[in-house]
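The values are calculated or read from the model by the stated rules, or taken from the named source; none is laboratory data. This structure is a prediction, so every number in the text was calculated from the model and none was measured. Counting neighbours? That spans all protein chains shown, and the Cβs are built from the backbone with ideal geometry, glycine included.
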Amino acid sequence: MPESGSGASTVNIAAYLPEMAAKHPFRRAVIFPEGRDRKGRVAYTHRTFRQLNEDSDRIAHGLAGVGIGRSCPTALLVTPSLEFVAIAFALFKVGAVPVFVDPGMGRKAMLQCFREAAPEGFIGIPRAQLARRLFPGSFKSVRVAINVGRSWGLGGISLEELMQGASAPHPVAATEASEVAAILFTSGSTGIPKGVPFTHGMIQGQVDLQKSTYQIGEDEVDMPAFPLFALFSTAFGIPAVIPDMDPTRPAHVDPRRIVEAVENQGVTHTFGSPAIWHQVGNYCDEQGIVLPSMRRILMAGAPVPGRLLQRWQRILPAGEVHTPYGATEALGVSTISAREVVEDTWGGNKEGRGTCVGRLLPGMEVRILEITESPIELGPQGWAPHEAAAGDVGEITVRGPVVASEYMGRPKETRTAKVLEQGTVWHRMGDLGYFDDQGRLWFCGRKSHRVIRNGLPLFTVQIEGRFNSLDGIHRTALVGVPGRTLGQSNAVLIVEPDADSRRPRDTWKRELLDRARRLNLPIDDILFHDSFPVDVRHNAKIRREILAKWAAGSVADGARA
């Protein structure tokens with residue numbers, strides 16, 4: 001970690017920027033697709049490390065001048081751009097606490113997030129400023145508003161005004177590892193969105209884990225599909241290419257523009273949802289494209305199908321795909337390469353073992369606990385009464401340098417999700433899994449998604465793996481539907497066919513039920529759904545709770561018919 005000039009205990013990702021500005025002043029730091037010329041060729045604009053550092057210094061002086069400083073929660077609602085990166089670094093430089101909320105989670109959830117975060121600063125584009133004015137009850141705490149773009153009479157200070165003051169270097173706040181650096185909200189895909197306080201130590205832990213695990217060198221070019229990860233690019237000392245896409249809708253990415261950016265800029269490293277790489281992979285296959293510059297792709301946010309990883313092995317002649325496993329509350333627990341999946345663990349997935357998410361990252365610890373909904377408090381016997389037997393499916397619980405210790409303003413949820421052990425915190429992931437005899441972690445589905453049929457728990461990812469690789473199937477989802485005969489739930493497998501599948505559904509249903517019987521899988525019914533609902537952040541996690549309601553209605557309609 002570079003020094004900020006304020007003491008050896010300082011930990012702040014912003015300290016990397018002046019270091020890189022001094023080390024590589026004329027190297028491009030951020031590259032943005034600004035528009036297209038008459039022939040449709042993309043035109044890029046950029047800031048070097050020195051320019052980005054100077055921009056962030058001017059913004060930091062402006063922020064301090066309007067009272068946004070150490071520990072000040074500040075909502076940041078700016079689309080991916082050169083300005084976004086400069087503002088984010090400026091917020092860290094002054095020691096403010098940026099608040100990040102996914103606009104795609106829906107108005108009601110988003111406004112609730114802002115009420116809970118109570119930001120005092122608000123930095124946003126005109127659309128965000130309009131929301132602030134239309135729903136003032138969710139933004140009562142805001143005392144300083146800063147406009148990025150035209151103000152349209154919505155009030156506040158323009159970013160241009162803010163940058164008119166001092167241009168001297170702004171010192172990096174001497175924040176400590178334990179201080180809150182940012183607030184990120186969970187997507188709410190399996191419950192209410194919850195604010196996760198990221199400390200400066202957690203962010204530094206993520207920089208260290210990524211750089212050491214994936215051997216990222218300073219000769220590389222990054223393309224982060226998650227905008228905030230552009231800060232990691234600077235910490236790695238490499239340019240960040242902002243992709244031409246809407247980060248709130250990764251499944252709707254235009255694959256031509258992703259390929260274009262990789263080829264134009266020589267991208268070597270990227271992180272993004274499997275939904276992006278499904279679209280781009282299909283396009284590359286159709287066009288016979290390979291991407292020789294790419295050294296690695298990190299796909300995360302949902303289990304990655306073996307078929308997708310196999311496809312990308314062809315597209316990356318000199319690269320590899322890795323699928324890290326984690327969550328907002330523990331951003332980086334384990335990782336596995338596409339090569340290991342395709343050559344070894346994919347067969348286990350097809351046999352119903354779950355999805356292998358690999359070996360633990362350095363410094364991370366995992367315990368597999370017996371499944372319970374209750375809070376866990378360690379007594380004199382420690383973990384003994386709570387741990388699952390070796391090889392049994394249980395709840396994945398993690399500890400390490402990137403694990404958040406609490407939820408913001410939610411003591412009840414914190415007590416349920418955290419386990420305190422001698423001053424350190426373990427996080428209960430809400431995911432189910434086990435370790436194999438090689439020390440690899442396997443993911444079997446969310447705890448809240450398991451189906452209890454006749455007293456027997458069925459784990460979604462294990463059941464679905466027996467069907468997902470069949471011809472004509474894009475993916476499947478196991479859900480529980482109230483059943484009169486069992487007293488608990490009927491197990492219903494919902495199938496999303498491939499887009500070009502034209503198989504007769506009645507015949508297909510009988511074939512799949514026959515397969516279930518041959519495999520001794522207790523599936524009571526098969527339903528077909530043309531497009532699964534997915535989470536707002538990655539567009540890849542299946543919203544099984546929504547499908548369960550739909551299935552219950554479909555089964556009831558069928559019974560009435």
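The table that follows gives values for the structure above.
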| quantity | calculated |
| --- | --- |
| Flag if V461 is in contact with a strand residue (DSSP E or B) (Cβ under 6 Å, 6 or more places away or on another chain), at pLDDT 95 or above and part of a strand (DSSP E or B) | no |
| Residue in segment 541-555 that is out of contact with any Phe, Trp or Tyr (no Cβ under 7 Å at 6 or more places or on another chain), in a loop (DSSP other than H, G, I, E, B) and within 19 Å of N349 (Cα to Cα) present | yes |
| Hits in segment 405-421 - residues which are closer than 12 Å to I192 by Cβ and either out of contact with any helix residue (DSSP H, G or I) (no Cβ under 9 Å at 6 or more places or on another chain) or assigned by TED's automatic domain parsing to the domain that holds V101 (or both) | K412, E413 |
| Filter result for F135 (surrounded by fewer than 18 Cβ atoms within 10 Å (Cβ to Cβ), more than 22 Å from T328 (Cβ to Cβ) and out of contact with any Gly (no Cβ under 8 Å at 6 or more places or on another chain)) | yes |
| Candidates D37, D102 - the one that is touching a strand residue (DSSP E or B) at 6+ places or on another chain (Cβ under 9 Å), buried (at least 20 other Cβ atoms within 10 Å of the Cβ), at pLDDT below 95 and over 19 Å from Y16 (Cα atoms) | D102 |
| Some residue of segment 40-55 being surrounded by fewer than 23 Cβ atoms within 10 Å (Cβ to Cβ) and in a loop (DSSP other than H, G, I, E, B) | yes |
| Total residues in segment 210-258, condition acidic (D, E), buried (at least 17 other Cβ atoms within 10 Å of the Cβ) and in contact with a Ser or Thr (Cβ under 9 Å, 6 or more places away or on another chain) | 2 |
| Positions within segment 313-341 being surrounded by 24 or more Cβ atoms within 10 Å (Cβ to Cβ) and assigned to a helix (DSSP H, G or I), in sequence order | A338, V341 |
| Residue in segment 545-556 that is in contact with an Asp or Glu (Cβ under 8 Å, 6 or more places away or on another chain), in contact (Cβ under 8 Å) with a residue 24 or more places away in the chain, closer than 18 Å to P303 by Cβ and assigned by TED's automatic domain parsing to the domain that holds N468 present | no |
| Criterion violated by S374 - all others in (1) polar (S, T, N, Q); (2) part of a loop (DSSP other than H, G, I, E, B); (3) buried (at least 16 other Cβ atoms within 10 Å of the Cβ) satisfied | (3) |
| Count - residues of segment 374-389 that are at pLDDT 95 or above and within 20 Å of P457 (Cβ to Cβ) | 6 |
| Any hit, segment 158-169, residues being under 17 Å from P80 (Cα atoms), at pLDDT 95 or above and not assigned by TED's automatic domain parsing to the domain that holds H538 | yes |
| Matching residues, segment 485-542, being under 29 Å from T186 (Cα atoms) and either aromatic (F, W, Y) or not assigned by TED's automatic domain parsing to the domain that holds N468 (or both) | F532 |
| Failed item in (1) assigned to a loop (DSSP other than H, G, I, E, B); (2) of a type in the set (V, I, T); (3) in contact with a Phe, Trp or Tyr (Cβ under 6 Å, 6 or more places away or on another chain), with V357 passing the rest | (1) |
| Residues within segment 154-191 that are within 30 Å of P401 (Cα to Cα) and not in a loop (DSSP other than H, G, I, E, B), tallied | 7 |
| Test result for R150, among the charged types (D, E, K, R) and in a helix (DSSP H, G or I) | no |
| Considering residues of segment 422-453 that are assigned to a strand (DSSP E or B) and surrounded by fewer than 15 Cβ atoms within 10 Å (Cβ to Cβ) only, the residue nearest to the chain's Cα centre (by Cα) | T424 |
